[in-house]
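All remarks here apply to the structure that follows.
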Amino acid sequence: SELIRGFLLSGMPCPSSCPPGLLALMAPGLALIATFSLPSQAGDRRALPVEKPSGVKGRTLILLDVNTKSPVRIISENFLSLQLDPSIIHDGWLDFLSSRRLVTLARGLAPAFLRFAGKRTDFLQFHNVKNPAKSRGGPGPDYYLKNYEDDIVRSDIALDKQKGCKIAQHPDIMLELQREKAAQMHLVLLKEQFSNTYSNLTLTARSLDKLYNFADCSGLHLIFALNALRRNPNNSWNSSNALSLLKYSASKKYNISWELGNEPNNYRTLIGRSVNGSQLGKDYTQLRSLLQLIRTYSRAHLYGPNIGRPRKNVIAFLEGFMKVAGGTVDAVTWQHYYIDGRVAKVTDFLKTRLLDTLSDQIRKIQKVVNTYTPGKKIWLEGVGMTSAGGMNNLSDSYAAGFLWLNTLGLLASQGIDVVVRHSFLDHGHNHLVDQNFNPLPDYWLSLLYKRLIGPKVLAIHVAGLQRKPRPGRVIRDKLRIYAHCTSYHNHNYVRGSITLYIINLHRSRKKIKLAGTLRDKIVHQYLLQPYGKDGLHSKSVQLNGQPLAMVDDGTLPELKPRPLRAGRTLVIPPLTMSFYVVKNVNALACRYR
């Protein structure tokens, strides 16, 4: 015990001869995750109490250092990206994408991709008409529907008169009527989702204009997923409607990347007819040929096949696709949802076993991709905390952030190039922005990530005291630590700074002592906690004790750090997420882009 205490208090790196109680972990190629618990008696099963300050100097539980010589991974500048579901056509929210508030919120997360795709991708038909009012369907009380649609038309006319980025100011009454309409449509969309039976959707030329305007104004690059379920009698892809959309987009000089279909491994359950991986690969080859015939898109990026969870049959589908079209796509994509949103509980978001389910999926996808196209980029698209649209006060609450931040850290550490969050705004409860256009906890978490985290991933070295495990019992990782070079876009920090982000799932606070290259450096703390009496269920958050909210429709709040004196121990409160910028480290890995 004296040897352990000596290393902890000295800040020296742990030698290989350290006793088992003091662990030194390093995983080459990964930004590690680590777990440590307070020492306790072998028979004690009780939850650990929150530590209370005392007159005795507390023991440092964790030593942390970072390898600053070279990054272990480099991910895309657009690593954290966004998705919009085609359901926004059904429920009317697409007409409000020109809102200044929404554009401000989206712009805060740029640079990023904006993927327009979802369950209804393969029921989407493009129709080249300009007047949406006569073709719009959907429920709505007769007493307001006509006036509401007239307001939309007047808004469109006003937008047409603007040059460049088109921004609208929607009256409060107009937004209130839209929320009423969307609430009624929400029931229709949920019924479709649970029955797995979807109605056709029409995307007009004006709707496409609005979608592209939103992406362009927000600094996002649009990725459009085309309908893959338009099939010929021989089961090959019928590209006629897609060609119409491509030609229209090219005539407007829209800079768009493309996909084909959504979760094609599930087509049998949707239409009673399956499309295997090799056939979809041929369809992608056909789409690539189409793009090359259109000058605007001759070099456009193409992504796919956007398969679902990689079970055995889905892996076989991916293998068939990669054999035919592995060289055709610019990145291989799949999607993942952690929990069935119909049965989720707040405690689910704290389960380390759930947080770790993604690791196995990553390995399976990487194995197939590296077999057929070594080095090909891999993206996780359509990631959500829960399926089935999520649950109110759960997947849109502070608690969901544990899964989201761990997903970002885990994917970056394992070299996944881009993760696309479902969804920025939609009818469910997995979104970042609600239908009052208010940012939810995961939005603020994403904003902090964008402001502080750069694309270079660093390996960490940790050492600490761990409770001795019981026979047959696994101690799971409840304290997760990731490290990156600080974002080059953040001009508050000089190049060479490092950002740590930490998830504490323990019900007690944890102490971290920075060692090695991080020792005695000034640290800026960004501690994100729930705000208000709802605790983990809260839809509001505070940063370093100050509640976060938009200043006005065009202004995000300043994200103010709390400076910590050089050499101070980091104290991580229980059940929290936090970022720590270690200033002026002059890390070699972080000096140059």
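The values are calculated or read from the model by the stated rules, or taken from the named source; none is laboratory data. As the structure is a computational prediction, the values presented were derived from the model and not from experiment. Neighbour counts are summed over all protein chains in view; Cβ atoms, including those assigned to glycine, are modelled from backbone coordinates with ideal geometry. Just the protein is used for accessible areas: all its heavy atoms, side chains included, with ligands, DNA and RNA removed. Shrake-Rupley method; radii C 1.70, N 1.55, O 1.52, S 1.80 Å.
Whether a residue is among the small types (G, A, S), under 22 Å from L425 (Cα atoms), surrounded by 16 or more Cβ atoms within 10 Å (Cβ to Cβ) and modelled with pLDDT of 95 or more was assessed, and S76 does not pass this test. For region 551-573, a residue qualifies if it is in contact with a Ser or Thr (Cβ under 7 Å, 6 or more places away or on another chain) and under 29 Å from L63 (Cβ atoms), and the qualifying residues are T569, I572.
Yes/no matrix, rows are residues, columns are (1) under 20 Å from L408 (Cα atoms); (2) part of a loop (DSSP other than H, G, I, E, B); (3) in contact (Cβ under 8 Å) with a residue 24 or more places away in the chain:
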| residue | (1), (2), (3) |
| --- | --- |
| I481 | yes, no, yes |
| G496 | no, yes, yes |
| T499 | yes, no, yes |
| I503 | yes, no, yes |
| R507 | no, yes, yes |
| I512 | no, no, yes |
| M550 | no, yes, yes |
| N586 | no, yes, yes |
| R593 | no, yes, yes |
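Across region 331-374, the qualifying residues are those that are in a loop (DSSP other than H, G, I, E, B) and in contact (Cβ under 8 Å) with a residue 60 or more places away in the chain, and the one among them that is most open to solvent (accessible area, probe 1.4 Å) is D356. If you go through region 441-462 and keep only what is open to solvent by less than 10 Å² (accessible area, probe 1.4 Å), outside any helix (DSSP H, G or I) and touching a Phe, Trp or Tyr at 6+ places or on another chain (Cβ under 9 Å), you end up with G454, V457, L458, I460, V462. The residue that is nearest to the chain's Cα centre (by Cα), among those in region 291-323 that are surrounded by fewer than 17 Cβ atoms within 10 Å (Cβ to Cβ) and farther than 16 Å from V368 by Cβ, is H301.
Here region 201-235 is the region considered, the condition is being among the polar types (S, T, N, Q) and crowded, with 18+ Cβ neighbours inside 10 Å, and the residue that is nearest to the chain's Cα centre (by Cα) is S218.
Out of all the residues in region 511-529, is one or more under 28 Å from A549 (Cβ atoms) and basic (K, R)? Scanning region 511-529 turns up no residue that is under 28 Å from A549 (Cβ atoms) and basic (K, R). The single residue among L500, L505, L479, L514 that is touching a helix residue (DSSP H, G or I) at 6+ places or on another chain (Cβ under 6 Å) and open to solvent by less than 40 Å² (accessible area, probe 1.4 Å) turns out to be L505. Give the residues of region 242-261 that are assigned to a loop (DSSP other than H, G, I, E, B) and open to solvent by 10 Å² or more (accessible area, probe 1.4 Å), sorted by residue number. Listed by number, the residues that qualify are K252, K253, Y254, N255.
In the set (1) basic (K, R); (2) modelled with pLDDT of 90 or more; (3) touching a strand residue (DSSP E or B) at 6+ places or on another chain (Cβ under 8 Å), R107 fails one condition alone, (3). Can you name the residue in region 527-570 that is hydrophobic (A, V, I, L, M, F, W, C) and surrounded by fewer than 16 Cβ atoms within 10 Å (Cβ to Cβ) and is also farthest from S218 (Cα to Cα) among such residues? If we take residues in region 527-570 being hydrophobic (A, V, I, L, M, F, W, C) and surrounded by fewer than 16 Cβ atoms within 10 Å (Cβ to Cβ), then A566 is farthest from S218 (Cα to Cα).
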